[in-house]
Amino acid sequence: MSEKSRLDDFDRKIIAALVEDGRMPVANIAQRISLSATPVSRRLKQLEDDGVIRGYVPVLDRRKLGFELDAYVLINLEVHSDDVIGRFEREVRDNPCIIACHAVTGDMDYLLHVIARDVEHLNQITLKTLVRIPGVRDVKSIIALEAVKDSSAAPFEASQGAPKP
């Protein structure tokens, strides 16, 4: 049975409460969903064990931490050998300013989400780091001017379950 179909209404309500406030105490969740704390704790542990809830992280304000610039960088590799791909992906994983990396379809091979202090910092990341990774052929940067929507939450509704494709 798939994870989506296994979740019942109580599970969905627990998840909805945590999406709203990831630090909500079990007692508050229990009160909100009209279930006692013990079954809420048990269900929460099961959701974690099943990997439905993978962890808890604070949502940081990047600007207040000094990262004024959001950029997206498109990367094209010269060849798609295991060695070139492995080296590139290791370099990306080791760079804390690259907060996401996706292998993509189309004309480019990777899409990176990069945060930087300013344009000079972005220049260092792209021209002094990414371009110099062996096997990188093309690098194109796009600077985001404004975040119209920025969420890491999956689409989820407590009363309806997962959205249909």
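Treating the angle as unsigned and between 0 and 90°, give the value, to the nearest 10°, between the Cα long axis of helix 82-94 and the longest Cα principal axis of the chain.
Between helix and principal axis, roughly 70 degrees.
Calculate how steeply helix 9-20 sits against the longest principal axis of the alpha-carbon atoms of the chain, using the helix alpha-carbon long axis, and give the answer as 0 to 90 degrees to the nearest 10.
Compared with the principal axis, the helix lies near 50 degrees.
Per-residue ellipticity at 222 nm for the chain, helices alone: DSSP H runs ≥ 4 residues times -39500 (n - 2.57), over residue total, nearest 500 deg cm²/dmol?
-10000 deg cm²/dmol
Using 0.36 nm times the number of residues separating Leu145 and Ala37, minus their current alpha carbon distance, what extension gain do you get?
Numbers: separation 108, 0.36 × 108 = 38.88 nm, distance 4.48 nm.
Here the answer is 34.4 nm.
What are the chymotrypsin sites (Phe, Trp or Tyr not before Pro) within segment 1-95 that DSSP puts in a loop, where the Cβ has at most 13 other Cβ atoms within 10 Å?
Working: sites: Phe10, Tyr56, Phe67, Tyr72, Phe88; in loops: Tyr56, Phe67.
Sparse-neighbourhood loop chymotrypsin sites (Phe, Trp or Tyr not before Pro): Tyr56.
With a 1.4 Å probe and every protein chain kept in, tell me what percent of the accessible surface of segment 40-119 is carbon plus sulfur.
Summing carbon and sulfur atoms, their accessible area is 51 percent of the total for segment 40-119.
Using only Cα atoms, locate the centre of segment 125-153 and the centre of segment 1-68, then give the distance between them in Å, rounded to an integer.
Value for the Cα centre distance between the two parts: 32 Å.
Extending each Cα 7 Å along its Cβ direction at Arg87 and His102, get the distance between those two points in nm, one decimal.
Once both label points are built, they end up 2.7 nm from each other.
Find out how many positive minus negative residues lie around Asp107, taking Lys and Arg as positive, Asp and Glu as negative, among other residues whose Cβ is under 15 Å from that of Asp107.
-1
How big is the accessible area of Val40 in square angstrom, nearest 10, if you roll a 1.4 angstrom probe over the protein chains?
0 Å²
In square angstrom, what is the accessible area per residue of the chain with a 1.4 angstrom probe?
Value for the chain: 69 Å² per residue.
The values are calculated or read from the model by the stated rules, or taken from the named source; none is laboratory data. None of the values given here were measured: they were computed from a predicted structure. Don't worry about glycine lacking a Cβ; one is built from the backbone with ideal geometry, like all the others, and counts go over all protein chains shown. Accessible surface is based on the protein model in full, side chains and every heavy atom, while ligands, DNA and RNA are left aside. Shrake-Rupley method; radii C 1.70, N 1.55, O 1.52, S 1.80 Å.
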